[in-house]
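Step one of this worksheet: look at the structure below.
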Amino acid sequence: MSPQQWIPLAVVPVVLVLILLRNRRRRVLRPNLLWVMPAIVGPLILLGVWGSTRAVGAAPFGLDAWAVLLVGAVLGGVAGWWRGKTITIEREPDGSLRSRASPLGLVLVVALFAFRGVLRPLIESHAAQWHLNALAVTEAFLIFALALIVLQRVEMFIRARRILAGRPDDHMEVAA
């Protein structure tokens, strides 16, 4: 096994442990700033997708390629909404909000990346046989990530506003 293959395999578990330890802490949640991450990541991903569709030698996107991108967006949106629901939001006595990411949400992200790693070479190698645009499949993974980020933040924003308005939330734990 070459270093290009085993180094990522060795780094990923270390990073996952660090992320799990970091996510155990409760962090201040500012609902008015939940738009910042999608506003930064969104244009970059969309610019990347647009640029790859305009690249020299790239096959033009037909209806089937746009359908693949739409499937990626829908699946990413569903995953993002679900991941947003796994985040615990707590209201502090002073009225501020705190959030804590669920380990289940991290497991979802890891599973999705593993699924992507397995599925991507399979689809790209069989794209012509299945009449798929290989570039569209690759870009669908980016659109998936974008939709995941956006819908997670939207779901968290809706829940945070509900909690701030004093309405009950299934995922909220009241701080003592």
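Scanning segment 76-92 for residues that are open to solvent by less than 20 Å² (accessible area, probe 1.4 Å) and in a helix (DSSP H, G or I) yields Gly76, Gly77, Ala79, Gly80, Gly84. Assess whether Leu108 counts as being out of contact with any Gly (no Cβ under 6 Å at 6 or more places or on another chain), open to solvent by 80 Å² or more (accessible area, probe 1.4 Å) and without any contact (Cβ under 8 Å) to a residue 40 or more places away in the chain. When the stated conditions are applied, Leu108 does not pass them. In the set (1) open to solvent by 80 Å² or more (accessible area, probe 1.4 Å); (2) touching a strand residue (DSSP E or B) at 6+ places or on another chain (Cβ under 9 Å), Ser102 fails one condition alone, (1).
Residues checked against (1) touching a Cys at 6+ places or on another chain (Cβ under 8 Å); (2) part of a helix (DSSP H, G or I); (3) exposed (fewer than 12 other Cβ atoms within 10 Å of the Cβ):
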residue: Ile7; (1), (2), (3): no, yes, yes
residue: Val11; (1), (2), (3): no, yes, yes
residue: Val17; (1), (2), (3): no, yes, yes
residue: Asn32; (1), (2), (3): no, yes, yes
residue: Val49; (1), (2), (3): no, yes, no
residue: Val74; (1), (2), (3): no, yes, no
residue: Asp94; (1), (2), (3): no, no, yes
residue: Gly117; (1), (2), (3): no, yes, yes
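I want to confirm something. Restricting to segment 58-89 and keeping residues that are aliphatic (A, V, I, L, M) and in contact with a strand residue (DSSP E or B) (Cβ under 7 Å, 6 or more places away or on another chain), which single residue is farthest from Pro31 (Cα to Cα)?
Step one: list which residues in segment 58-89 are aliphatic (A, V, I, L, M), which gives 58-59, 63, 65, 67-71, 73-75, 78-79, 87, 89.
Next cut, in contact with a strand residue (DSSP E or B) (Cβ under 7 Å, 6 or more places away or on another chain) only: 87, 89.
Values: Ile87: 13, Ile89: 11 Å.
That would be Ile87.
Here Ser99 passes the criteria (1) in contact (Cβ under 8 Å) with a residue 60 or more places away in the chain; (2) under 22 Å from Leu142 (Cα atoms) except the one numbered (2).
The values are calculated or read from the model by the stated rules, or taken from the named source; none is laboratory data. Every value quoted in this text rests on a predicted model; they were computed, and no experiment measured them. With ideal geometry, Cβ positions are generated from the backbone for all residues, glycine too; neighbour counts draw on all protein chains shown. Areas reflect the complete protein model, heavy atoms only, side chains present, ligands, DNA and RNA absent. Shrake-Rupley method; radii C 1.70, N 1.55, O 1.52, S 1.80 Å.
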